[in-house]
1. Taking the stretch 282-303 only, how many residues are of a type in the set (Gly, Ala, Ser), assigned to a helix (DSSP H, G or I) and away from the ligand (no atom under 14 Å from the Cβ)?
2. Going through the stretch 153-211 one residue at a time, which ones are closer than 16 Å to ILE135 by Cα and polar (S, T, N, Q)?
3. Look through the stretch 36-53, keep the residues that are in contact (Cβ under 8 Å) with a residue 24 or more places away in the chain and not in a loop (DSSP other than H, G, I, E, B), and return whichever of them is surrounded by the most Cβ atoms within 10 Å (Cβ to Cβ).
4. What residue, of GLU324, GLU347, is closer than 23 Å to ARG391 by Cβ, more than 19 Å from the chain's Cα centre (by Cα) and open to solvent by 10 Å² or more (accessible area, probe 1.4 Å)?
5. Identify the residue in the stretch 259-281 that is crowded, with 24+ Cβ neighbours inside 10 Å and under 13 Å from the mean Cα position of the chain (by Cα) and, among all such residues, is nearest to the ligand (Cβ to nearest atom).
6. Would you be able to tell me the number of residues in the stretch 7-25 that are open to solvent by less than 90 Å² (accessible area, probe 1.4 Å) and out of contact with any strand residue (DSSP E or B) (no Cβ under 8 Å at 6 or more places or on another chain)?
7. Could you tell me whether SER369 is touching a helix residue (DSSP H, G or I) at 6+ places or on another chain (Cβ under 8 Å), crowded, with 21+ Cβ neighbours inside 10 Å, assigned by TED's automatic domain parsing to the domain that holds PHE214 and of a type in the set (S, T, N, Q)?
8. Can you name the residue in the stretch 405-427 that is in contact (Cβ under 8 Å) with a residue 12 or more places away in the chain and open to solvent by less than 100 Å² (accessible area, probe 1.4 Å) and is also nearest to TYR70 (Cα to Cα) among such residues?
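The values are calculated or read from the model by the stated rules, or taken from the named source; none is laboratory data. Values in this document were obtained by computation on a predicted structure and should not be read as measured data. As a convention, Cβ positions derive from the backbone with ideal geometry for all residues, glycine included, and neighbour counts pool all protein chains shown. With ligands, DNA and RNA removed, areas are computed over all heavy atoms of the protein, side chains included. Shrake-Rupley method; radii C 1.70, N 1.55, O 1.52, S 1.80 Å.
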Amino acid sequence: MELEKKAILKLESKEYELPIMIGTENERAFDIRSLRKLSGYVTFDDGYGNTAACASKITYIDGEKGILRYRGYAIEDLAKNISFLEAARLLIYGELPTPEELHEFRNSILNNVKIHTNVDHHFKGFPANSHPMAILSAMLNTLGCYYSEMATNDRQSDLEHLDVAAAHLISKVRTIAAMTYSTQEGHPFVYPKPDLPYTENFLHMMFSEPYNEFKADPAVVKALDLILLLHADHEQNCSTSTVRMVASGGANLFASVAAGVCALWGPLHGGANMAVVKMLEQIHESGDDGGNFIEDAKKGKCRLMGFGHRVYKNYDPRAKILGEAAEKVLSVLNKNDPLLNIARKLEEAALSDDYFISRKLYPNVDFYSGIILKAIGIPLNMFTVLFAIGRMPGWIANWKEIAENPESRIQRPRQIFEGHKSREFIQKD
Ligand code: SDX
């Protein structure tokens, strides 16, 4: 990062020079790392909307222009030309894989799909109605107990084991999801098949039963692989920042991604894909064509879930791709889902309404993904688990970026204290 020019901060009677940082795409930042030492001041930025928490080489978003790139490649090109696993390897290692590298990566994931049989006991310990995201977070941390040699919290050692730990996590996050589903459905878990590609194997583990092998429609496999690719990384979103926060303290990769799952679960973040389908179903059942819902959203009575984004002030490029994919999957499956028509109507209404236009609220990645997941047969309470399966490579790439950086520091933000001044302790009688 070239440090160019300087900003002058005038505070009371003093002036302070703040170096200006300029990113690859000309983003600019004041480097305030010495601000407190020099001036005694800190900055305040609730929600970090104006704060670059790190410098990263992994993903770039231009929210105004609706641009998303993984390691410099446009998401539209990647979505058209590569698989989720190729994107995963690109994010983690920085380059598109050669055929040999991809073959090796695929094999490492294939060879690490099995889960220790003792893990079964953990699943039996969860209450029947446990949320799959709670189970996923717990089980990812549990994996770290079974592979403790890769989860030592000795950063050098954990970095040396990164490749195999990444293979375990990318592979097993699917297995955990499918085991959760079969446990909650009450049917025996069906083991993965060594000859099936990544996404197809997941659908096989999800929907095959001992005497009834599930054969996924190639169009469905392609749509799900696309969903995973589009979710693979997204700069410093809430869950990735959580992974980096946990990694910054020296915690291992399993613990860090387990924390990322918890952050992703929230309805304002990855939980929005479930919330969108619930919202569309609620509108459908009410007989409303979406018009009343839009009016309520404008009055602040509800949120148009799947709309709006902290960074995108233009159409989320992923939503555009997923909107087309939803049409395709439904036509291939010969399904006519009224929720898609309602979604289209909501989008049309919102994009021509000043309330949304003035706030630059556009459909985001969650607006259409749920319609595809529903068409594929993924249960609603597992939608965010699918988001986590997609985001796993991005979390791993961000953990690696911190672990490899000898200058990375523990993340410990300051605060503005608004509580009591010092007061005398008087025992309450
Ligand atoms: C993801 O960060 C990422 O990169 C995330 C993600 C990723 O890949 O990791 O892209 C995935 O999380 C996508 C976002 C999924 N969440 C939703 O769809 C939930 C609905 N959206 C919102 O809650 C909201 O838009 C957020 C949380 C996404 C962004 O919130 P901000 O940036 O804090 O914006 P805000 O809440 O301050 O809203 C600004 C204004 C407010 O109105 P005013 O106070 O100016 O009158 O816009 C309004 C809000 O009321 N607003 C909405 C709205 N989103 C914002 N009004 C109606 N419906 C909405 N969805």
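1. In the first step, residues of the stretch 282-303 are kept if they are of a type in the set (Gly, Ala, Ser); the result is 286-287, 290-291, 297, 300.
The next check asks that each one be assigned to a helix (DSSP H, G or I); those that pass are 286, 291, 297.
Next cut, away from the ligand (no atom under 14 Å from the Cβ) only: 286, 291.
Qualifying residue count for the region: 2.
2. Of everything in the stretch 153-211, those that are closer than 16 Å to ILE135 by Cα and polar (S, T, N, Q) turn out to be THR175, THR180, SER182, THR183, GLN184.
3. Restricting to residues being in contact (Cβ under 8 Å) with a residue 24 or more places away in the chain and not in a loop (DSSP other than H, G, I, E, B), the top hit is SER39.
4. Details: GLU347 fails: closer than 23 Å to ARG391 by Cβ.
Testing whether each residue is closer than 23 Å to ARG391 by Cβ, more than 19 Å from the chain's Cα centre (by Cα) and open to solvent by 10 Å² or more (accessible area, probe 1.4 Å) leaves just GLU324.
5. The qualifying residue nearest to the ligand (Cβ to nearest atom) is ALA272.
6. Final tally of qualifying residues: 1.
7. Values: touching a helix residue (DSSP H, G or I) at 6+ places or on another chain (Cβ under 8 Å): yes; crowded, with 21+ Cβ neighbours inside 10 Å: yes; assigned by TED's automatic domain parsing to the domain that holds PHE214: yes; of a type in the set (S, T, N, Q): yes.
So SER369 fits the description; yes.
8. SER408
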